[in-house]
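Heads up, the thing below is written out as structure tokens.
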Amino acid sequence: MRSYGVFIDGEWQVTAEQYEVRNPANGEVIALCAVAGAQGVEQAVQAAQQAFPDWSARSYEERGEILRAVAAGIQKRFDEFAFTESQQTGRCIRETMAHDIPATISVFEYFAGIAPAIHGETLPIPGNYLNYTRREPYGVVAAITPWNFPLWLAAIKIAPALVAGNTMVIKPAPTTPITTLMLAEVMTEAGLPRGVFNVLTDPTPGTLGDLLTAHPKVNKIAFTGSTAVGIRVMQRAAMNVTPVSLELGGKSPFIVFADCDFERALAYALLANFFAQGQMCTAATRILVERPLYERFKEAFVARAARLQIGDPLDPATEFATLHKHEQLEKTMRYVQIARQDGATVLTGGNRLTEPPFDKGFYFQPTVLEGVPVDSRVACEEIFGPVVMLFPFEGEAEAVQRANATEYGLAAGIWTQDIGKAHRVAHQLQAGKVWINCYNMIPPGAPYGGYKKSGFGRELGLHCLLELYTQVKDIQVDLSPDYFEWFG
Ligand code: NAD
């Protein structure tokens, strides 16, 4: 079994206490991790602060070169990363092999390559002046990540933050810290100077997060997690006026028009809802189907959902595995109960799997609901489990109105072969990411983030590099031989 300390100032530090990280599929302990405590936070922030002058003064070529070496280091341990990510999250290994690890590698490569895009501007202003801007790093970035895509969600913060010249303290979710700790090993081998990247772990949600978000020496906070915690992060950051970016929850619509490519829409509807057992911020849990297609779509979707191969996440044949934790299972069961009370029909699923070999995990069937009242909590709140609801609609206007009837605004899907309709609808949707005839594609070069209570700030792409991890300094130089005299 692995045993980890905290990673501070380029070294592994043993802490007085450790806690157990378990495989959610069977409850087995897979690692012992450190309890960092307040002292760990102080040491890590200080190390990051001390490393900042040297790191930020290095050229982007040098920083980019190290990120490329990180990408290569992950590639070298590809199978181990994929296995560990599945083991700690409970997500299928076919997902971590096909998505998480390759996507993580390409994020490091992308930001290594795009580093030269960090540059200022020369601005024409009235008078005899030279006016130019510089884009400078913030300093110490605190990153806080959730448990569903631990490595990739860490990478999309780490790569742009570091290449822009910031240093970092990262706090992974208590139940999924291992691949972020493995990343610290890869970073060291890649030649990252000590103190630039620090990892803290703790078993109790909020302990380290509360300290980091209110720390006066943290210069920027990058948070991904639930809207409730995001609100708290923002409140605490306000005490020091620390800038934050928030990637929060969602309740995304998936709009299927009658003229869509049916098989394609169906395949993506399954992907959009049952990948990661529905534990995705972008899960398209509100499937809106145009009335003429509704019955056909319902029948096919329910049949396909019921056929998903449920099993051990580490078995490459498994398509659908355990939920990540007991609280998530209970929450999912609670919402299905509410749906039943509100008069909804469970078309398939709706139950926990309690027979061996599923009894040791948190397995819950892929679940499809119909007849959920639009104002029901089930239709409005994020469940973060494999629970999908189908709604019929008539025409574009109703589709848009229903799609936007949520306090979230992370993502949306549109299915139609009518190009004009697709764009018309896309322009009216209140969501930071709209997919037309595809879903859940998150390439490193395109901005990703939410409207409304799904957060603000855009991760990935040039937007993220410039807007989240650099700040603008304006420099004005008087070129005139005369001077401006106000007094006397
Ligand atoms: P969570 O909000 O419970 O936890 C996220 C992180 O915040 C964890 O590391 C947790 O330990 C930490 N945390 C807890 N209390 C804190 C506090 N007081 N201060 C600072 N940090 C604190 O979320 P979760 O259950 O780990 O993940 C699921 C949520 O994340 C869902 O709502 C999902 O939609 C969201 N999510 C969003 C995105 C996105 O890109 N928008 C991506 C993945 C997940």
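The values are calculated or read from the model by the stated rules, or taken from the named source; none is laboratory data. Nothing here was measured: the structure is a model prediction, and the numbers come from that model. Reconstructed Cβ throughout: ideal geometry from the backbone, glycine too, with neighbour counts over all protein chains shown. For accessibility, only protein heavy atoms count, side chains too; no ligands or nucleic acids. Shrake-Rupley method; radii C 1.70, N 1.55, O 1.52, S 1.80 Å.
Being within 17 Å of the chain's Cα centre (by Cα), open to solvent by 10 Å² or more (accessible area, probe 1.4 Å) and within 18 Å of GLY10 (Cα to Cα), is that true of even one residue in the range 193-212?
Within the range 193-212, none of the residues are within 17 Å of the chain's Cα centre (by Cα), open to solvent by 10 Å² or more (accessible area, probe 1.4 Å) and within 18 Å of GLY10 (Cα to Cα).
If I go through the range 358-382 residue by residue, how many of them are touching a residue at least 60 places away in the same chain (Cβ under 8 Å) and either of a type in the set (Asp, Glu) or surrounded by fewer than 17 Cβ atoms within 10 Å (Cβ to Cβ) (or both)?
5
Return the pairs, sorted by first residue and then second, in which the second residue is in a helix (DSSP H, G or I) and of a type in the set (Asp, Glu), the first residue lies in the range 157-173 and is within 15 Å of the ligand (Cβ to nearest atom), the beta carbons are less than 8 Å apart, and the residues are 6+ apart or on different chains.
As it stands, the answer is none, since no pair meets every condition given.
Report whether or not THR406 is β-branched (Val, Ile, Thr), under 29 Å from PHE223 (Cβ atoms) and either modelled with pLDDT under 95 or open to solvent by 10 Å² or more (accessible area, probe 1.4 Å) (or both).
Spelling it out, THR406 is indeed β-branched (Val, Ile, Thr), under 29 Å from PHE223 (Cβ atoms) and either modelled with pLDDT under 95 or open to solvent by 10 Å² or more (accessible area, probe 1.4 Å) (or both).
When both residues are 6+ apart or on different chains and their Cβ atoms are under 8 Å apart, which pairs have a first residue that lies in the range 296-310 and is more than 16 Å from GLN277 (Cβ to Cβ) and assigned to a helix (DSSP H, G or I), and a second that is open to solvent by 30 Å² or more (accessible area, probe 1.4 Å) and at pLDDT 95 or above?
Pairs that qualify, where the first residue is more than 16 Å from GLN277 (Cβ to Cβ) and assigned to a helix (DSSP H, G or I) and the partner is open to solvent by 30 Å² or more (accessible area, probe 1.4 Å) and at pLDDT 95 or above, are LYS298/LEU347; LYS298/GLU370; VAL302/LEU347.
Would you confirm whether or not the range 179-189 contains a residue that is in a loop (DSSP other than H, G, I, E, B), more than 30 Å from PRO392 (Cα to Cα) and not small (Gly, Ala, Ser)?
Scanning the range 179-189 turns up no residue that is in a loop (DSSP other than H, G, I, E, B), more than 30 Å from PRO392 (Cα to Cα) and not small (Gly, Ala, Ser).
Are there any strands (runs of 3 or more DSSP E) wholly within the range 214-286 with 3 or more residues that are closer than 30 Å to PRO137 by Cα and at pLDDT 95 or above, and if so which?
The strands (runs of 3 or more DSSP E) meeting that bar are 220-224, 244-247.
What pairs come up if the first residue lies in the range 318-336 and is touching a residue at least 24 places away in the same chain (Cβ under 8 Å) and open to solvent by 20 Å² or more (accessible area, probe 1.4 Å), the second is among the hydroxyl-bearing types (Ser, Thr, Tyr) and within 13 Å of the ligand (Cβ to nearest atom), and their beta carbons are under 8 Å apart, counting only those six or more places apart or on different chains?
Taking only residues 6 or more apart or on different chains, the pairs are LYS325/THR175.
Residue by residue through the range 453-475, note down the ones that are away from the ligand (no atom under 12 Å from the Cβ), surrounded by 12 or more Cβ atoms within 10 Å (Cβ to Cβ) and not hydrophobic (A, V, I, L, M, F, W, C).
Within the range 453-475, GLY461, HIS463, GLU467, TYR469, THR470, GLN471, ASP474 qualify.
Which condition number in (1) away from the ligand (no atom under 16 Å from the Cβ); (2) in contact with a Pro (Cβ under 6 Å, 6 or more places away or on another chain) is the one that THR176 fails?
Against the list (1) away from the ligand (no atom under 16 Å from the Cβ); (2) in contact with a Pro (Cβ under 6 Å, 6 or more places away or on another chain), THR176 comes up short only on (1).
Quick grid of which residues meet (1) without any contact (Cβ under 8 Å) to a residue 12 or more places away in the chain; (2) of a type in the set (D, E, K, R); (3) touching a helix residue (DSSP H, G or I) at 6+ places or on another chain (Cβ under 6 Å):
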{"position": "PHE7", "(1), (2), (3)": "no, no, yes"}
{"position": "ALA25", "(1), (2), (3)": "no, no, no"}
{"position": "GLU28", "(1), (2), (3)": "yes, yes, no"}
{"position": "GLN43", "(1), (2), (3)": "no, no, no"}
{"position": "THR84", "(1), (2), (3)": "no, no, yes"}
{"position": "GLN87", "(1), (2), (3)": "no, no, no"}
{"position": "ARG94", "(1), (2), (3)": "no, yes, no"}
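Conditions tested, residue by residue: (1) away from the ligand (no atom under 16 Å from the Cβ); (2) among the basic types (Lys, Arg).
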residue: THR282; (1), (2): no, no
residue: PRO292; (1), (2): yes, no
residue: ALA305; (1), (2): yes, no
residue: ASP312; (1), (2): yes, no
residue: LYS331; (1), (2): no, yes
residue: ALA339; (1), (2): yes, no
residue: ASP342; (1), (2): yes, no
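Note down all Cβ pairs under 7 Å where the first residue falls in the range 214-243 and is open to solvent by less than 60 Å² (accessible area, probe 1.4 Å), the second is among the charged types (D, E, K, R) and away from the ligand (no atom under 13 Å from the Cβ), and they're at least six residues apart or on different chains.
Every condition considered, the pairs that remain are THR242/LYS220; PRO243/LYS220.
Of the residues GLY420, GLY343, GLY350, GLY385, which is in a loop (DSSP other than H, G, I, E, B), among the small types (Gly, Ala, Ser) and exposed (fewer than 15 other Cβ atoms within 10 Å of the Cβ)?
Testing whether each residue is in a loop (DSSP other than H, G, I, E, B), among the small types (Gly, Ala, Ser) and exposed (fewer than 15 other Cβ atoms within 10 Å of the Cβ) leaves just GLY343.
Can you pull out the residues in the range 16-69 that are among the aromatic types (Phe, Trp, Tyr) and open to solvent by less than 10 Å² (accessible area, probe 1.4 Å)?
TRP55
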